[in-house]
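Trainee: Sharing a structure here in structure tokens format.
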There are 6 protein chains.
Amino acid sequence: MRPSGRARDEMRAISIETGVSRHAEGSCLIRCGDTHVLCTATVEDRVPPFMRNSGLGWVTAEYGMLPRATNTRMRREAKTSQSGRTQEIQRLIGRSLRMGADRVVLGERQITIDCDVLQADGGTRCASITGGWVALRLAADKLIASGALKENPVEEHIAAISAGVHQGQAVLDLDYAEDSDAGTDANFVMTGSGGLVELQGSAEGSPFTEAQFMEMLTLARKGVSELVAAQKAAVA
Amino acid sequence: MRPSGRARDEMRAISIETGVSRHAEGSCLIRCGDTHVLCTATVEDRVPPFMRNSGLGWVTAEYGMLPRATNTRMRREAKTSQSGRTQEIQRLIGRSLRMGADRVVLGERQITIDCDVLQADGGTRCASITGGWVALRLAADKLIASGALKENPVEEHIAAISAGVHQGQAVLDLDYAEDSDAGTDANFVMTGSGGLVELQGSAEGSPFTEAQFMEMLTLARKGVSELVAAQKAAVA
Amino acid sequence: MRPSGRARDEMRAISIETGVSRHAEGSCLIRCGDTHVLCTATVEDRVPPFMRNSGLGWVTAEYGMLPRATNTRMRREAKTSQSGRTQEIQRLIGRSLRMGADRVVLGERQITIDCDVLQADGGTRCASITGGWVALRLAADKLIASGALKENPVEEHIAAISAGVHQGQAVLDLDYAEDSDAGTDANFVMTGSGGLVELQGSAEGSPFTEAQFMEMLTLARKGVSELVAAQKAAVA
Amino acid sequence: MRPSGRARDEMRAISIETGVSRHAEGSCLIRCGDTHVLCTATVEDRVPPFMRNSGLGWVTAEYGMLPRATNTRMRREAKTSQSGRTQEIQRLIGRSLRMGADRVVLGERQITIDCDVLQADGGTRCASITGGWVALRLAADKLIASGALKENPVEEHIAAISAGVHQGQAVLDLDYAEDSDAGTDANFVMTGSGGLVELQGSAEGSPFTEAQFMEMLTLARKGVSELVAAQKAAVA
Amino acid sequence: MRPSGRARDEMRAISIETGVSRHAEGSCLIRCGDTHVLCTATVEDRVPPFMRNSGLGWVTAEYGMLPRATNTRMRREAKTSQSGRTQEIQRLIGRSLRMGADRVVLGERQITIDCDVLQADGGTRCASITGGWVALRLAADKLIASGALKENPVEEHIAAISAGVHQGQAVLDLDYAEDSDAGTDANFVMTGSGGLVELQGSAEGSPFTEAQFMEMLTLARKGVSELVAAQKAAVA
Amino acid sequence: MRPSGRARDEMRAISIETGVSRHAEGSCLIRCGDTHVLCTATVEDRVPPFMRNSGLGWVTAEYGMLPRATNTRMRREAKTSQSGRTQEIQRLIGRSLRMGADRVVLGERQITIDCDVLQADGGTRCASITGGWVALRLAADKLIASGALKENPVEEHIAAISAGVHQGQAVLDLDYAEDSDAGTDANFVMTGSGGLVELQGSAEGSPFTEAQFMEMLTLARKGVSELVAAQKAAVA
């Protein structure tokens, strides 16, 4: 029995509310159970120095938490003072979302996805990727609508889910209580068509086996397909 | 005629939604028109070093903006890298809210009010003070409910509103468009019983007169009384 | 009876010594009782990026304290590590002095006023504004003398003074001992012709009333007129 | 054909030279082809604040590069200014090596492993883990030799190797030229007995398949067994 | 002929005005020609962590420049952002003044000497050492006067002077114009009884000879004896 | 008798191994007894802003220590967080090596010498200068070999050695144990033809005499001639 009372392959309730920001070019508030992340997309007609004159676009991400998103209050972070954990997460979000964008089609534009956790209960990086893709897609839709682009650079869905080994069993979509207690923690980023984008597995108490990893991967495939369906409904 | 179409003494629509954070000891989401601020209160059983062994409590505040709360994306700020504007605002919020707390009754506890602007359209410091007081009061109520305190240290309401001189006329509660165009900008922090807590008036294009300042103060009294009514409804 | 023994509307002795810096384009050492501030003006033929190609000039200020200007030694501050208090003060000085300069007449030049407190005894921000104006005016005079300008952009005097409520009574020009003990602290920046530039009133122990604020404003008008007379004598 | 001319499952030449530092409690210089990393272990009789009075030891790591370890000169990094990439790597090294230490046996001591890249040619994080384990073990041996410990807390080997998909084929132990050109990059950290400690796979050009990931894992098992043999020879 | 018109062994006019700070335990304003440095001494009844329980006192220094002390405006520096030049100078001042204090007699106290350059025209580090000694001595005198100490820990004078090779000739006490043009620049710190405390010689255009160095040393002896005489007059 | 058992004028064993870095334009590992410094030269076809369009080249240096180069582990330093000691050392290395380069011949190029101490046992700044010159010369040789330069800008040797007063006697080339115990510490940088480039003498316990300084200088001349011979052998 999981602490959450969920079945091994059962995800938390998902909701994706779009258009939550008056200023951003694309935005959504994604809720995965008690984890709530506000995702906004900012489009700029210039790329970072290392991409200039390449003809290619760039997608990048920043991740933050409100100080009291967590049980214990945390300090605010600027880009120059982010913890290692924060940087790891936002690098993962950025790499993942770049795999969902055709950078030739995007052209020399940068889209920055800000993922700000309003309330945390485990799985914030996965929610950020899944919600971040929705904000990215809505910004791309807006470029189409305004005539700036003819073809949509964000056709491939990108979504992410966690799995873990809890009391020897693989389980899907860990909440904070489960994550704290899990022997292994893994994150899976996949495309809408099932390709693998990022895999990360980390032993916490003792090493894990190949069989356990394969079980987690199978659970993750199920989770990602549900997330992609929710994304489709949100951007329809 | 004001850019917003409002009457000179007309405030924007106010809503205060409480209990929006699962983790914080007190919280609300205050909306003043398109300005939305998430306010959370964190209670700790210790005070900063300069207050130790004084028997007195402390109330402090931090203010932040999500990167895309504004029309143009802004950089994230840590406590050590806050702009002068951010520091000025959070010092004002902290000073104002301390005037609403009986620090002897509170005892050696610190309550930190985080005011995070999710969406900005002018008047974010005033919304932060008004919403911050609600979070502060709810945290005090919780200390009463848990038996930690017998008497409520947060009895006096604190609320804040802006006024300005727009095309020679005093107007109440500037939105961003009006603020950008105003010749004078002023902020008024008052108690529920009408005492003055903080007055700040700043000429932008040309100096202002004593008469104009008095007109703004009169408008502000009206605004604060409406805000205090909204606070009362929210914490009832 | 005030701690200083002064009458309610009595200022401390003022002296303004000009030409104290061999290198600066304008300079003075202003002494208001035991508060001594060295003010220098630096003229540059370029403006900050946000002002470029506007045809307008810019006036800005920096404020600092020598480590032992105060009773207890304080740490040095760089522009990137200034405390909230320091930033608030220098932003106030900058805004105030900009109201004393005709930026069209100044043209695309920047004048930086550095206000360094050699010895502090309360009222350093007001002394900085009053002395800063003298440095600014002397720098403008030098631009006239060198032929760079034909018309003087610094015609309107700007001066500042504090007032407070001490034991229930409004008093003028608080020194450090009085300020520590005052229930309300206010700063008034005015033009030579009596216009209001900046008003700031802050309750320290308990809220203040409109009547008290008006009394402080009346005292401040008297103080500013004496300061403007001292400025005139200094730059004559 | 790989750019390096190696067979798909062929590692670069490995050498591990121990005792290279006069001051450190354990040290080695590990060379994996042209990647050279100096690993030192520092033993301290205290643990970080969050571990105090737990009875458990702590193992942590720092990773750095000499400015000209790479083809283009890089800036030096302090712990407070490390890039996201550096932090990610040193967090991975620390987590991995903690899985090789019995922290109950170690007792309240901290061992810091510094991994400084003298020359880089791909695979620096894997070389750091493999060499870092040697330094860690030598420091543990020294604690035994000095009588501070009776039982060796570092019995389980930890080693790491990269694999990738190059021109559609899985290959082992990428050098810099191969890594730059690979479609997928993965790192595998395992124990001497074959348990999985950390898995990281990242698509660079296009998503990868489960089959490709399994091929990389198989190659990695072969690589790790060769590295563990080299570790055994080094610490014998 | 020197640019300054002075004879080869002629110093600039020296004045040392004591008691210039109301708050500091010892203070002076030293003027060496157009170089003006405000020196203050702060006494604290505790020493830095590395000196605790040693029974010994500590003397340290900080050096700063007002932004417009120089011909071109310079940025303010905090202790954590000082330039290499600033740190070099203040380390030199601290080492030099420690040689003038009997740290056993001083006991576990720290005296911090702040040397703030109000106006610079070359030789600021030497003026800081010479004036810093006066502030240090006055603070020691105050400890005697208050009964905290019975014996004076600051009996040995410390003074410093520059010399240089200008157009092939050794000259004493370089001002800024001479220093910019000198082929070699040297600083000499000596005790009142003629012992050498710090020697620093640095070739700027071409190497210098032993003979030139000896000539500079001879000039410096003359300069230091004049400075020590001025110190004696100041503290009498 | 010296702690090291060496004669008063006896240096530690010197070795200079060149070509130790695959990436750098010039490199060596210099060993002076147990002090080991890796020196690399990086050539860039641009100079710092203050040298642009001068037609002159620039030579600069950075100095660092691996965390466990010393007996006690030290923190890593970035360029923006270097200690005063580190900055002093690297400024000395840079100034010294610039005296060994004909900057007109070099043309608008910058050569950066990185000196990273792998193991420290006293005299690291002197070893850095001596080894840094070798890296600089090898980089210049490479510019000749590639045809970028016709004439060698690095013809004059620069080498450095320490001396000290140990138990009243001048001794050459202090190791760490001797340095900790020495009453005076001095560093001498000279050219291959015997010119003085930098002299630094610092009293540690008590002042030193002119005679002692001359003795140290004589020892240093002997040391530098041996170092120059080793440089010649290394770059032959």
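Trainee: Have a look at A:96, A:15, A:206 and tell me which one the Gaussian network model of chain A (Cα, springs below 10 Å) gives the largest fluctuation.
Mentor: Answer for the Gaussian network model of chain A: A:206.
Trainee: On to the next question. Would you mind classifying segment A:53-124 by shape? Square roots of the alpha carbon gyration tensor eigenvalues, ordered a ≥ b ≥ c; an a/c under 1.5 is rounded, otherwise it is prolate if a/b is larger than b/c and oblate if not.
Mentor: Prolate, since a/c reaches 1.5 and a/b exceeds b/c.
Trainee: Placing unit charges on C-beta atoms (Lys and Arg positive, Asp and Glu negative, everything else neutral), compute the dipole magnitude of the protein assembly as shown about its Cα centre in debye, rounded to 20.
Mentor: Value, rounded to 20: 0 debye.
Trainee: With viscosity set to 1.567 mPa s at 4 °C, what whole-number translational diffusion coefficient in µm²/s follows for segment F:1-93 from Stokes-Einstein and a Kirkwood radius over Cα pairs?
Mentor: D = 79 µm²/s.
Trainee: Quick query: amide H of residue A:155 versus all other amide H atoms, modeled in the peptide plane; which residues come in under 5 Å with a sequence gap of 5 or more or a different chain?
Mentor: Long-range HN contacts for residue A:155: A:102.
Trainee: Loop-only check: which GluC sites (Glu not before Pro) in segment D:66-166 are DSSP coil with at most 15 other Cβ within 10 angstrom?
Mentor: Counting only loop positions with at most 15 other Cβ atoms within 10 Å, the GluC sites (Glu not before Pro) in segment D:66-166 are D:151, D:155.
Trainee: I'd like the mean, over residues of F:70-80, of how many other protein chain beta carbons sit within 10 Å of each residue's own Cβ.
Mentor: Across F:70-80, the average partner-chain Cβ count within 10 Å equals 5.
Trainee: Choose one of D:19, D:94, D:70: the residue whose Cα lies farthest towards the positive end of the charge dipole of segment D:1-131 (beta-carbon charges +1 Lys, Arg; -1 Asp, Glu; about the Cα centre).
Mentor: Result: D:70.
Trainee: Using only Cα atoms, find the angle between the long axis of helix E:124-145 and the longest principal axis of chain E, and express it within 0 to 90 degrees, rounded to the nearest 10.
Mentor: Relative to chain E, helix E:124-145 is tipped by roughly 20 degrees.
Trainee: Of E:79/F:79; F:142/F:222; A:79/A:142; C:79/E:79; B:79/F:79, which pairs sit farther than 21 Å apart, going by alpha carbon to alpha carbon?
Mentor: F:142/F:222; A:79/A:142; B:79/F:79
Trainee: With N set to the number of residues, divide the alpha-carbon radius of gyration of segment B:14-235 by 2.2 N^0.38 Å and report two decimals.
Mentor: 1.01
Trainee: To the nearest 10 degrees, how steep is helix D:84-98 against the longest Cα principal axis of chain D, on a 0 to 90 scale?
Mentor: On a 0 to 90 degree scale, this one is about 60.
Trainee: Give, rounded to the nearest 20 debye, the magnitude of the charge dipole that segment E:112-236 has about its Cα centre when Lys and Arg contribute +1 at Cβ and Asp and Glu contribute -1 at Cβ.
Mentor: The calculation lands at about 580 debye.
Trainee: Have a look at D:118, D:138, D:149 and tell me which one the Gaussian network model of chain D (Cα, springs below 10 Å) gives the largest fluctuation.
Mentor: In this elastic network of chain D, the residue with the biggest mean-square fluctuation among D:118, D:138, D:149 is D:149.
Trainee: Quick one: what are the phi-derived ³J(HN,Hα) couplings along segment A:58-63, Karplus 6.51/-1.76/1.60 with θ = phi - 60°, whole Hz, x for glycine and proline?
Mentor: For segment A:58-63, the Karplus curve yields 9, 10, 9, 9, 10, 10 Hz.
Trainee: Mind giving me the FRET efficiency for residue A:214 and residue E:45? R0 is 51 Å, r the Cβ-Cβ distance, nearest 0.05 is fine.
Mentor: The pair residue A:214/residue E:45 has a calculated efficiency of 0.15.
Trainee: With θ set to phi - 60° and the Karplus curve 6.51 cos²θ - 1.76 cosθ + 1.60, what are the ³J(HN,Hα) couplings of segment E:195-208 in order, to the nearest whole Hz, using x for Gly and Pro?
Mentor: These are the phi-based 3J(HN,Hα) values: x, 8, 10, 9, 10, 9, x, 9, 6, 10, x, 8, x, 10 Hz.
Trainee: Which whole number gives the average, over all residues in B:14-27, of C-beta atoms from other chains lying within 10 Å of the residue C-beta?
Mentor: 3
Trainee: Taking only DSSP H segments of four or more residues, each worth -39500 (n - 2.57), what value at 222 nm results for the protein assembly as shown once the sum is divided by all its residues, to the nearest 500 deg cm²/dmol?
Mentor: Mean residue ellipticity at 222 nm (helix-derived): -10000 deg cm²/dmol.
Trainee: For chain E, modelled as a GNM with alpha-carbon contacts under 10 angstrom, which of E:101, E:135, E:177 fluctuates the most?
Mentor: With Cα springs under 10 Å in chain E, the top fluctuation among E:101, E:135, E:177 is at E:177.
Trainee: Find the relative contact order for chain C and round it to a whole percent, using C-alpha pairs within less than 8 Å whose residues are 6+ positions apart.
Mentor: With pairs under 8 Å counted, the relative contact order is 22 percent.
Trainee: Here's another thing I want to ask about it. Please state the charge dipole magnitude for segment B:14-235, taken about the Cα centre, from unit charges on C-beta atoms (+1 on K and R, -1 on D and E), reported in debye and rounded to the nearest 20.
Mentor: 760
Trainee: What is the log10 of I(q)/I(0) for the protein assembly as shown, computed with the Debye formula using one identical point scatterer on each Cα and no solvent, at q = 0.04, 0.05, 0.06, 0.08 Å⁻¹?
Mentor: Relative scattering, expressed as log10 I(q)/I(0), comes to -0.29, -0.46, -0.68, -1.24.
Trainee: Let me ask something else about it. Counting other Cβ atoms within 10 Å of each Cβ, which trypsin sites (Lys or Arg not before Pro) in segment B:128-236 have at most 14 and sit in a DSSP loop?
Mentor: Here the sparse-neighbourhood loop sites are B:150.
Trainee: Please average, across the residues of B:200-212, the number of beta carbons from any other chain that are within 10 Å of each residue's own beta carbon, and give a whole number.
Mentor: 5
Trainee: Sorted from fewest to most neighbouring beta carbons within 10 Å, what does the list A:1, D:65 look like?
Mentor: The most exposed by this proxy come first: A:1, D:65.
Trainee: Here's a follow-up. For segment E:104-162, what mean projected area does the convex hull of the alpha carbons give, in nm²?
Mentor: 4.6
No lab work stands behind these numbers, since they all come straight from the coordinates. If you're wondering where the values come from, they're calculated on a predicted model, not measured in any experiment. Cβ: placed from backbone, ideal geometry, glycine included. Neighbour counts: every protein chain shown.
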